[in-house]
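This report concerns only the one structure given below.
The values are calculated or read from the model by the stated rules, or taken from the named source; none is laboratory data. Quick caveat, the model's predicted, so the values are computed rather than measured. Using ideal geometry, Cβ is built from the backbone for each residue, glycine included, and neighbour counts are taken over all protein chains shown. Surface areas here come from the heavy atoms of the whole protein model, side chains and all, with no ligands, DNA or RNA. Shrake-Rupley method; radii C 1.70, N 1.55, O 1.52, S 1.80 Å.
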Protein chains: 2
Amino acid sequence: MEISIAVSALSAIAQESRLEIFRYLVQAGKNGVPAGKIAERLDLPASTLSFHLNQLKQAGLLTCRRESRTLFYSANYDSMNDLVAYLMENCCQGQEENCDLSIACVPEEKKK
Amino acid sequence: MEISIAVSALSAIAQESRLEIFRYLVQAGKNGVPAGKIAERLDLPASTLSFHLNQLKQAGLLTCRRESRTLFYSANYDSMNDLVAYLMENCCQGQEENCDLSIACVPEEKKK
DNA sequence: TTGATATTTCCATATTTCTAAAAATATCAA
DNA sequence: TTGATATTTTTAGAAATATGGAAATATCAA
């Protein structure tokens, strides 16, 4: 991964409203949530929300699809995965003992 | 995890020099690296590096120890782990099928 | 002491980011 | 068409962040 891509993604979620939006969408699942519902849930003016959604989308962390007048936003799980992998790259230097991080170190059966 | 803590950590690494520093230290291991060596490696003026190291330290992502005139900085693996866990919290909504992220979903035998 | 090394703190300037009102766009239903 | 709904784009000022030189601090060795 290019470092500039990682910085974009991290900048996108390094802001309270956007981190809330992102986590909400990660938990909401693949089907996504209408922009209006996000605005209501986080109590944000439409234009402010739209600005933040755009930042997240530009960073590749969200996708959206239109259904009539409604735009459904959803988290891009692959991007999140790549970002996390980039952060943790080589954290164990080949030594398992360094890697009792509970999240890092992908088990073999999960690797693609 | 408090969202403000997560935002601090993400803001700290959402900047190219700091992300380079952090990844370098993650890969360098628990023993850490002298500030001077980091400055040389990343070709940064001492004061600029010091500013960035402080941001990372304030965010809880680095620790440092002094050894005579030298300050050794090292990555805080636990913070990184907690941050990643926070991002991915509930990403599967209980359904394994959503979680073919190669990194997420901690295998039972790795949980503390 | 003194001088050298390693690093941080202070400071001013330059740049980026955040916010939300107002205006614009897209879509639908009558 | 027209009016209503859902959302984005534009805009501009306020706030936050990045940069690096100069000065300050901490430590060591002679």
Requested in this report: Being at positive phi and either more than 9 Å from DNA strand D (Cβ to nearest atom) or in contact with a Cys (Cβ under 8 Å, 6 or more places away or on another chain) (or both) is the filter here, so list the residues in the range A:31-69 that pass it.
Outcome: A:Gly32, A:Asp43, A:Gly60
Report summary line: In the range A:10-57, anything aromatic (Phe, Trp, Tyr) and either open to solvent by less than 40 Å² (accessible area, probe 1.4 Å) or at pLDDT below 95 (or both) is listed as A:Phe22, A:Tyr24
Query - Residue identified as touching a residue at least 60 places away in the same chain (Cβ under 8 Å) and surrounded by 15 or more Cβ atoms within 10 Å (Cβ to Cβ) among A:Tyr86, A:Tyr73 - result: A:Tyr86
